[in-house]
Amino acid sequence: MLLRMFLEFFKIGIVTLGGGQAMLPILQHSLVRELHWISQEKFLYFVSVAEVTPGPVALNMATFIGYELRGVIGSIIATLGVVSPSFIIILIVARFEQKFKENALYTRFMLGVKPVIIALLINASYLIIQHSFSNPIYYLMALCGLFIFTLYKKSPVLILLLAGFTGIFILK
């Protein structure tokens with residue numbers, strides 16, 4: 001099971017471009033729908049905890065899910081699996097950085113990937129909204145957070161803290 005877990009997270013890590021948020025739909029599809037390792041509710045719980053926990057979302061998700069499946073060793077294996085592809089790719093790119101910059105095929109590939117990253121981020125947001133918002137106040141809070149972040153350019157940490165305190169005092 002540990003080798004399978006490493007390989008699944010490695011596979012997810014190697015195909016995900018665009019950061020941790022873009023990884024969420026892939027994690028959800030693989031771990032919830034295909035492998036049935038965790039439930040949709042548990043997945044959404046891990047997303048919310050990973051978002052407010054310091055560090056990259058993808059790394060936090062792998063650590064939490066690995067721990068859920070196999071304890072401490074599972075969290076280590078899942079985390080290593082998800083970060084290994086990036087680590088290997090960074091080493092290769094650093095070694096051949098100038099050749100990558102000058103390669104037209106690489107440049108066109110990256111231009112093609114960028115719009116899909118946006119689609120993955122929108123999909124991740126949709127998954128969270130679809131399964132998490134049971135009260136209309138949540139939609140209002142999401143819109144307020146987006147408004148504050150977009151209009152006033154405030155820190156996401158400040159917005160998360162404000163939302164957390166709103167939850168303490170207003171939501172039941």
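Coordinate-derived values only; no laboratory data. Since this is a predicted model, take the numbers as computed values, not measurements. So basically every Cβ, Gly included, is an ideal-geometry build from the backbone, and we count neighbours across all protein chains shown.
Worth pointing out:
- Subset of K11/K101; K42/K101; K99/K153; K11/K114; K11/K42 violating a 31 Å alpha-carbon distance limit: K42/K101; K99/K153
- The chain, dipole about Cα centre (Lys/Arg Cβ +1, Asp/Glu Cβ -1), debye to the nearest 20: 280
- Against the chain, whose longest principal axis is taken from its Cα atoms, helix 2-15 shows a tilt of about 90°.
- R33-I92 FRET efficiency (beta carbon distance; Förster radius 30 Å; 0.05 resolution): 0.45
- Whole-Å distance, taken between Cα centres, linking region 100-172 and region 43-70: 17
- Against the compact-protein benchmark of 2.2 N^0.38 Å, the Cα-based radius of gyration of region 2-132 scales to 1.10.
- Förster-model FRET efficiency, 22 Å R0, V52 and I122, C-beta, rounded to 0.05: 0.55
- Segments 138-146, 106-114, 69-77, 25-33 sorted - mean Cβ within 10 Å per residue, highest first: 25-33, 69-77, 138-146, 106-114
- Rounded if a/c under 1.5, otherwise prolate or oblate - region 104-148, Cα gyration tensor axes: oblate
- Helix-only arithmetic for the chain: the sum of -39500 (n - 2.57) across DSSP H runs with n ≥ 4, divided by the residue total, places the mean residue ellipticity at 222 nm at -27500 deg cm²/dmol.
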